[in-house]
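Have a look at the structure below, then the notes.
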Amino acid sequence: MKNPFKLLSVLSIYIFLVSCGGGGESNSPSVAAPHFNYPASVATDNSGNIYVADTYNHTIRKITSNGAVATLAGVSGISGSADGLGSTARFNFPQGIATDSTGNIYVADTGFISTGSNHTIRKISPAGLVTTLAGTAGSSGSNDGTGSNAKFNFPGGITTDSSGNVYVADTGNSTIRKISSAGVVTTFAGTAGFYGSADGTGATARFGSPSGITSDSAGNIYVTDSTHTIRKITASGTVSTIAGTAYASGSTDDVGVAARFNSPKAIAVDSVGNLYVADSFNHTIRKIFTYGGVVKIAGSVGIPGNTDSPSLSSFRFPSGIAFDSSGYLYVADTSNHTIRKVEPNTQSVSTLAGTAGVSGN
């Protein structure tokens with residue numbers, strides 16, 4: 001089946017959100033002061049820092065372990081595709097963000113249909129130098145190849161594995177791409193231009209518009225798919241559906257395909273193999289146990305908000321999620337313009353940075 005959403009950006013969620021207003025950016029260590037503008041994703045490093053793809057500000061932000069927020073790369077309000085150090089670099093609606101064990105940061109630099117698109121994967125070194133790892137700004141496609149010879153189509157989520165490979169949810173192509181440590185891009189699963197939900201191996205599998213992606217210590221890849229499903233890809237490329245049923249949205253907590261999701265946007269794995277999902281249009285955070293059981297751990301189904309409360313917490317279109325080494329979960333609460341912190345065992349939720357509902361730039 002051809003992808004009916006081929007021309008839609010991975011940021012299509014924001015079409016629903018833009019009426020909520022804009023946002024802004026400032027740098028400060030306090031919770032009340034720093035502003036974000038539809039942050040799409042978060043990542044963590046081994047030192048306790050948090051990195052944010054601050055999508056509508058066209059910047060990459062850093063939150064240190066003591067809560068200080070600073071702009072690591074890019075300039076707020078100025079889009080582009082320039083490589084360079086810190087504020088000399090330019091991004092265009094960056095979407096996915098990930099880190100590796102050596103301190104590098106990877107960004108799916110996506111773009112937006114109405115403003116032009118980068119369709120590239122960017123790399124930020126520990127020193128803050130931004131380079132283009134793969135793809136060519138302004139040129140979409142599905143070509144495999146090395147560096148700028150490869151092409152992407154609105155890449156969304158991004159993750160790394162322990163061997164130095166980078167995996168990309170290539171949303172507009174309905175595929176999962178792999179970038180080797182040598183910079184060679186291949187299509188790992190799915191076939192470009194063919195939209196669906198079929199399980200299978202490699203090119204025989206089908207995805208909808210995959211958005212979130214993560215990896216575990218065994219080399220498995222997990223993907224959130226727009227068909228309201230959670231998919232698993234083994235190291236050998238075999239794709240299976242582990243939770244949800246294709247094209248059946250809902251919020252049911254159950255086991256495996258009996259569970260229901262509503263446009264899940266991001267996924268993360270904890271130290272023992274449980275998965276956590278930002279179930280965006282349900283405004284909730286869900287947990288998938290290793291046996292396949294799905295439960296809600298935070299948020300109120302169908303009720304957007306910004307409440308910090310273990311029993312009555314609320315989110316507004318969360319779309320990014322990541323664990324730190326201490327087991328805390330961080331959420332890019334996109335339409336609240338905030339970064340939230342969740343303690344999975346107690347289900348305690350707090351606002352780490354940003355102010356809900358604050359707009360302006």
Could you list, in sequence order, all residues of region 290-302 that are closer than 14 Å to residue 345 by Cα and open to solvent by 30 Å² or more (accessible area, probe 1.4 Å)? 295, 296
Just a yes or no: is a residue in region 336-348 buried (at least 24 other Cβ atoms within 10 Å of the Cβ) and touching a helix residue (DSSP H, G or I) at 6+ places or on another chain (Cβ under 7 Å)? no
Scan region 38-71 for residues that are open to solvent by 10 Å² or more (accessible area, probe 1.4 Å), in a loop (DSSP other than H, G, I, E, B), under 23 Å from residue 357 (Cβ atoms) and out of contact with any strand residue (DSSP E or B) (no Cβ under 6 Å at 6 or more places or on another chain) and report the count. 2
Residue 311: open to solvent by 10 Å² or more (accessible area, probe 1.4 Å), within 20 Å of the chain's Cα centre (by Cα) and at pLDDT below 95, yes or no? no
Only one of these is in contact with a helix residue (DSSP H, G or I) (Cβ under 9 Å, 6 or more places away or on another chain) and among the hydrophobic types (A, V, I, L, M, F, W, C): 239, 277, 295, 272. Name it. 239
Being among the β-branched types (Val, Ile, Thr) and closer than 21 Å to residue 326 by Cα is the filter here, so list the residues in region 32-71 that pass it. 42, 44, 50, 52, 63, 64, 69
Select from region 97-116 the residues that are in contact with a helix residue (DSSP H, G or I) (Cβ under 9 Å, 6 or more places away or on another chain) and crowded, with 24+ Cβ neighbours inside 10 Å and list them in ascending order. 108, 110, 111
Unmet requirement for residue 272, which otherwise passes all of (1) within 23 Å of residue 175 (Cβ to Cβ); (2) among the hydrophobic types (A, V, I, L, M, F, W, C); (3) open to solvent by 10 Å² or more (accessible area, probe 1.4 Å): (1)
Of all residues in region 198-243, count the ones that are of a type in the set (Lys, Arg) and open to solvent by less than 10 Å² (accessible area, probe 1.4 Å). 1
Answer yes or no: is there a residue in region 298-314 that is free of Cβ contacts under 8 Å to residues at least 40 places away in the same chain and of a type in the set (Asp, Glu). no
Got at least one residue in region 72-89 being surrounded by fewer than 16 Cβ atoms within 10 Å (Cβ to Cβ), in contact (Cβ under 8 Å) with a residue 60 or more places away in the chain and within 26 Å of residue 324 (Cβ to Cβ)? no
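Every residue, every condition in (1) surrounded by fewer than 22 Cβ atoms within 10 Å (Cβ to Cβ); (2) of a type in the set (S, T, N, Q), yes or no:
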{"site": "120", "(1), (2)": "no, yes"}
{"site": "125", "(1), (2)": "yes, yes"}
{"site": "128", "(1), (2)": "yes, no"}
{"site": "132", "(1), (2)": "yes, yes"}
{"site": "137", "(1), (2)": "yes, no"}
{"site": "142", "(1), (2)": "yes, yes"}
{"site": "148", "(1), (2)": "yes, yes"}
{"site": "158", "(1), (2)": "no, no"}
{"site": "164", "(1), (2)": "yes, no"}
Options 111, 116: the member that is touching a residue at least 40 places away in the same chain (Cβ under 8 Å), closer than 23 Å to residue 88 by Cα and not charged (D, E, K, R): 111
Go through 320, 305, 327 for me and flag whichever is in a strand (DSSP E or B), among the small types (Gly, Ala, Ser) and open to solvent by less than 50 Å² (accessible area, probe 1.4 Å). 320
Pairs, first without any contact (Cβ under 8 Å) to a residue 24 or more places away in the chain in region 262-275, second open to solvent by 10 Å² or more (accessible area, probe 1.4 Å), C-beta under 7 Å, six or more apart: 274/287; 274/289; 274/290
So which residues in region 152-175 are more than 15 Å from residue 195 (Cα to Cα) and among the acidic types (Asp, Glu)? 161
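The values are calculated or read from the model by the stated rules, or taken from the named source; none is laboratory data. Note that this is a predicted model, so its numbers are computed, not measured. In this analysis, Cβ positions are derived from the backbone assuming ideal geometry, glycine residues included, and neighbour counts consider all displayed protein chains. Note: areas computed on protein heavy atoms with side chains; ligands, DNA, RNA excluded. Shrake-Rupley method; radii C 1.70, N 1.55, O 1.52, S 1.80 Å.
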